[in-house]
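The values are calculated or read from the model by the stated rules, or taken from the named source; none is laboratory data. Just so it is clear, the structure is predicted and the values come from calculations on it, not from any experiment. No Cβ is skipped: glycine too gets one built from the backbone with ideal geometry, and neighbour counts run over all protein chains shown.
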Amino acid sequence: MNYNEFLKSKAHTVTPCGFKVDELNLKLFDFQKDIVQWALRKGKACIFAATGTGKTLMQLEWAKHVYEHENKPVLILAPLAIAAQTVTEGEKFGIDVTLCRTQDDVQTGINITNYDMLHHFESEVFCGIVLDESSILKSFTGKIRNQIISSFAATPYKLACTATPAPNDHIELTNHSDFIGAMTGSEMLSMFFVHDSDGIGNWRLKGHSVKAFWEWVSSWAVMLSMPSDLGYEDDGFILPPLNVEQIVVDKTGYRVKEAQTLTERRDARRNSLNARVTATSATVNESSEKWIVWCDLNAESDALTKAIDGAVEIRGSHDREYKTEKMLAFANGEIRVLVTKPSISGFGMNFQVCHNMAFVGLSDSFEQYYQAVRRCWRFGQTKHVNVQVITSEAEGAVVKNIERKEEGFKKMQQGMIAATQEITKQNLKHVTTDTSDYVTAHKSSDVWDMYLGDNVEHTQEMKDDSVDFTIFSPPFSSLFTYSDSDRDMGNCRTYEEFCLHFGFLSPELYRVMKPGRLMAVHCQNLPAALAHDGYIGLKDFRGDLIRIFQDAGFIYHSEICIWKDPVQEMYRSKSIRLLHKQLKKDSCMSGNGRADYMIIMRKPGANVKPVTHDNESFSVPMWQRYASPVWMDIEQMNVLSRSECRDDNDERHICPLQLDVIQRCIEMWTNPDELVYDPFAGIGSSLYQAVLMGRRGVGCELKKSYYKQACKNMKVAEFKAGAPQQVGFDYFTQEK
C-alpha cells in the first residue's frame, strides 16, 4: 500500500461491518432505538449504559435483527440466573429466547447461557455473540477471559453490554476493545497510555491523547448514565433517592488501631463478626419489609442466616440450579430476606421488589458494591432505597477505600460521558465528522528552512542526491509519543507498525542523500514491558533501525556508544532492573543502564566532494577522542531549552539531542556551506548547530509547538553565527 493508504490504516476508528435496520420494536424508547440502530450499523459495538436504562431489551432487539439478517443462531452469555431472567424479559417484549446448557439445546434464533457453560458450545456455529454484564470479564481468570475473546474472534457480529466498563481504571476498557476487535490490550496501551517503569506499574492516559482516546472509544462504544446525556428526555428514568447510612459497632471508648493490610482487615472482620451480625439481625428482624443482606465471608453468611428470621442463603458452594431458583424467587417476591455475596448475586438481577439492603462485610471491590446497590436502585424502583453499611471501628480503611473509589468512579464516569457525548450524538444520528487537524507551514532564511508537516511527504518532494549529511533522533517506537496524529511515528499500536511507518521514510532518505555521504541516527535500545510485550527485558531497537536502513540500500558504516548515567535512568524510569533492592531480592532481574548510540549509515558510491580536515582544525588527540567507540565525555544537559515549547498536555519526553554530539558529527562529516537535513527536527537542535558551524540546514517537524520553537531557535543561531546573506539554495523539486 502507498503512504496515504497506510495512514488510513492507522486511523483510531472501528470500521462499520453491520447493516441498516429501519423498523424496531415499538416498546423501545427513542434513545434505545437510536442506540440499537447504531450498534447494528457498527456490527461490533459496546453499550455502556447505567443500570435500568434497558440494556436487556436493547441487546435482545440487536440479537433478533442479527439472527434475522444472517438466519443463523445468536448466543448471549450472561452471569448466573440472569439467563433465566432474560428469557422472561424476552417474553414481555415478544422476543423468543432459548435457555441452553449445551450445544444440543441451541435453536435457530436467540440462545442464552451462563458464562461458565461456554465450554459446552461451538462458537463457530453462531453469527452473533452478546456479552451481558460484560464487565464481569475481569472477574474471571486470564485463561477464561482469553478463551471468551479468542473463541469469538471470527464471529462477524459482537455486542458487549455493561453499566460499569471501567469503574476504577480506564485500562479495564481493554477487555472490551479486545473482545470486539477494536485493538488488543497491548495495542491500546502503546497507543494511548504511558507508565513510569518497564515492569508492572500503573498506566495513565497520555495528556495529549485524551481527545484522541475518547474519539476512538466513541467509534465503538456508547456511554450514558441518563438519556439526557445524549440529548433525550429523562421521563421515567429519574431514580428515587438513595439513602446510605454507615453504622459503626464496637465503640469501646479507647483507641482502636485501624486495619491496613488485607490480613488485618480480615482479622478485624472476624473479631467484630458477632457485633455486626447482632446489629444487622436486630434491624432486619424488626422490619416486615424485604431485605438483601450482603456479606463477604462465609462465616458472616452462616451467622446472618441463623440470626435472621426466614433468611434464605445463597453461597458459592450451592449448585447452579439452587442459586438460580432462589435468586428468581427473591426477584418474584417469594423470599423476604436474601443473604448472599455481591460476587454471587450482585450482577444483572432485577431486585426492584426490595428497597432495603445491608452490607455486613465489605471487600475492596467498589464495582461489587456499586453493582450490588444497583440491584434495587434501578429503573422501575418506586421507593427510596436504604443502604446500611455495618462496620467496626477498625475497618475504617476499607470504608475509606470504597469511598475513594466511588468518588473516582463518579468523576471518571462524568469525564467519560462528557468526552464522548457530542461524538456519540453524531454517531447515533449517523453524522460523519472530520476530526483531522493536520496543517503545514514553512519559514526560512538564506541558510535554513523549517517545515511543519509530515516528514515522509516532505522528503518525497526533495531532489535526488541533494543532501550532504543527515542527522536525527527518531521517535523510539511508542516510548516517546509527541502527538495524537496518525502521522506521528511514535503514535503506533505496535512496534511492528512503527517499523512499517518508518519504512516509508528510509528509502526517501536514501534517495536524497548524495552518494558516498553519511547519515547519523541517534537511538537507544528499548525496554520491553510485561503489560504489552509479555516479558521484562530489552528490544533491539538499534539493530532493527540498522536493518531497516540496510533494506533501503544504506551501508552500515560505524557506530558510537554514548555513556549514560544509570542512576539518572533509575530515577526517571523506576525500572526494577536498576533498583538496588532488586539485587538483594533476585539479581537475575537486575541489569545495566541503557546507553545511547549514534549509528552511522553510508550511501554507496563515490563521494565527489571529499570532506577534508587539516591538523590545525583537527589535531591527532582530538581525532583520537572522536574516533573512540565510546564517548564518555558528552554533557547530557547541553541541549537547547525546551520549556517554552511544552504544551499543557505534553508528557515528559521532550528530549533534544545533545549539542556536542551534533557538533562532533557535523565537524567530522561535513564541509562548510554543505546541507544538513533533519527529518525529525523537533526544536531545531541539529539545524541550530549546523548554522552556528557555517552549514545550511533544512528540517521538518510534525508538532506545531516544536516547529514554532525551532523557528525561534534558528533566528538565534543565525544571529549568533553572523551569517552573511547568501544565494538561496534549491534542494526541492519545485523552485523556492
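Just checking, does the stretch 430-446 include any residue being under 32 Å from the mean Cα position of the chain (by Cα), at pLDDT below 95 and part of a helix (DSSP H, G or I)? Scanning the stretch 430-446, I find no residue that is under 32 Å from the mean Cα position of the chain (by Cα), at pLDDT below 95 and part of a helix (DSSP H, G or I), so the answer is no. Residues in the stretch 324-334 that are farther than 28 Å from residue 275 by Cα and either of a type outside the set (D, E, K, R) or in contact (Cβ under 8 Å) with a residue 12 or more places away in the chain (or both): 324, 328, 329, 331, 332, 333.
When 129, 110, 82 are checked against the criterion of being among the aliphatic types (A, V, I, L, M) and more than 31 Å from the chain's Cα centre (by Cα), a single residue qualifies: 110. Of all residue pairs spaced 6 or more apart or on separate chains, those with beta-carbon atoms under 6 Å, a first member in the stretch 459-476 that is over 21 Å from residue 611 (Cα atoms) and a second member that is among the acidic types (Asp, Glu) and in a helix (DSSP H, G or I) are 459/508; 460/508. When the residues of the stretch 571-589 are filtered to those that are surrounded by 17 or more Cβ atoms within 10 Å (Cβ to Cβ) and closer than 18 Å to residue 525 by Cβ, the one that is modelled with the highest pLDDT is 578. Residues in the stretch 34-55 that are more than 13 Å from residue 15 (Cα to Cα), among the hydrophobic types (A, V, I, L, M, F, W, C) and assigned to a helix (DSSP H, G or I): 35, 36.
Here the stretch 630-663 is the region considered, the condition is being β-branched (Val, Ile, Thr) and modelled with pLDDT of 75 or more, and the residue that is surrounded by the most Cβ atoms within 10 Å (Cβ to Cβ) is 662. The set of residues from the stretch 333-351 being within 22 Å of residue 133 (Cα to Cα), out of contact with any Phe, Trp or Tyr (no Cβ under 8 Å at 6 or more places or on another chain) and not hydrophobic (A, V, I, L, M, F, W, C) comprises 343, 345, 348, 350. Restricting 94, 128 to those that are among the small types (Gly, Ala, Ser) and at pLDDT 95 or above reduces the list to 128. Among the residues making up the stretch 265-315, those that are among the β-branched types (Val, Ile, Thr) and free of Cβ contacts under 8 Å to residues at least 60 places away in the same chain are 278, 305, 308, 312, 314.
Here the condition is being exposed (fewer than 12 other Cβ atoms within 10 Å of the Cβ), under 23 Å from residue 558 (Cα atoms), more than 32 Å from the chain's Cα centre (by Cα) and modelled with pLDDT of 95 or more; of 606, 627, it holds for 606 alone. Here's a check for you: in the stretch 497-539, which residue that is modelled with pLDDT of 85 or more and under 18 Å from the mean Cα position of the chain (by Cα) is nearest to residue 178 (Cα to Cα)? Among them, the one singled out is 497. Of the strands (runs of 3 or more DSSP E) lying entirely inside the stretch 506-589, those carrying at least 2 residues that are within 14 Å of residue 603 (Cα to Cα) and not aliphatic (A, V, I, L, M) are 513-524, 555-562.
Contact map, the stretch 660-687: residues that are without any contact (Cβ under 8 Å) to a residue 40 or more places away in the chain paired with residues that are polar (S, T, N, Q) and surrounded by 20 or more Cβ atoms within 10 Å (Cβ to Cβ), Cβ distance under 8 Å, separation 6+ or inter-chain. Pairs shown: 663/689. Filter the stretch 516-569 down to the residues that are of a type in the set (Gly, Ala, Ser) and either crowded, with 20+ Cβ neighbours inside 10 Å or farther than 17 Å from residue 476 by Cα (or both) and list them by number. Passing the criteria: 516, 520, 529, 531, 534, 552, 553, 558.
I'm trying to understand the selection: among the residues of the stretch 1-33, which are surrounded by 11 or more Cβ atoms within 10 Å (Cβ to Cβ), modelled with pLDDT of 90 or more, of a type in the set (S, T, N, Q) and in a loop (DSSP other than H, G, I, E, B)? Listed by number, the list holds a single entry, 25.
When 302, 319, 309, 296 are checked against the criterion of being farther than 29 Å from residue 117 by Cα and acidic (Asp, Glu), 309 stands alone in meeting it. Within the stretch 377-417, the set of residues being at pLDDT below 75, farther than 29 Å from residue 209 by Cα and not β-branched (Val, Ile, Thr) comprises 394, 395, 396, 397, 400.
Pick from 59, 37, 103: which is among the polar types (S, T, N, Q), in contact with an Asp or Glu (Cβ under 7 Å, 6 or more places away or on another chain), in contact (Cβ under 8 Å) with a residue 12 or more places away in the chain and buried (at least 18 other Cβ atoms within 10 Å of the Cβ)? Testing whether each residue is among the polar types (S, T, N, Q), in contact with an Asp or Glu (Cβ under 7 Å, 6 or more places away or on another chain), in contact (Cβ under 8 Å) with a residue 12 or more places away in the chain and buried (at least 18 other Cβ atoms within 10 Å of the Cβ) leaves just 59.
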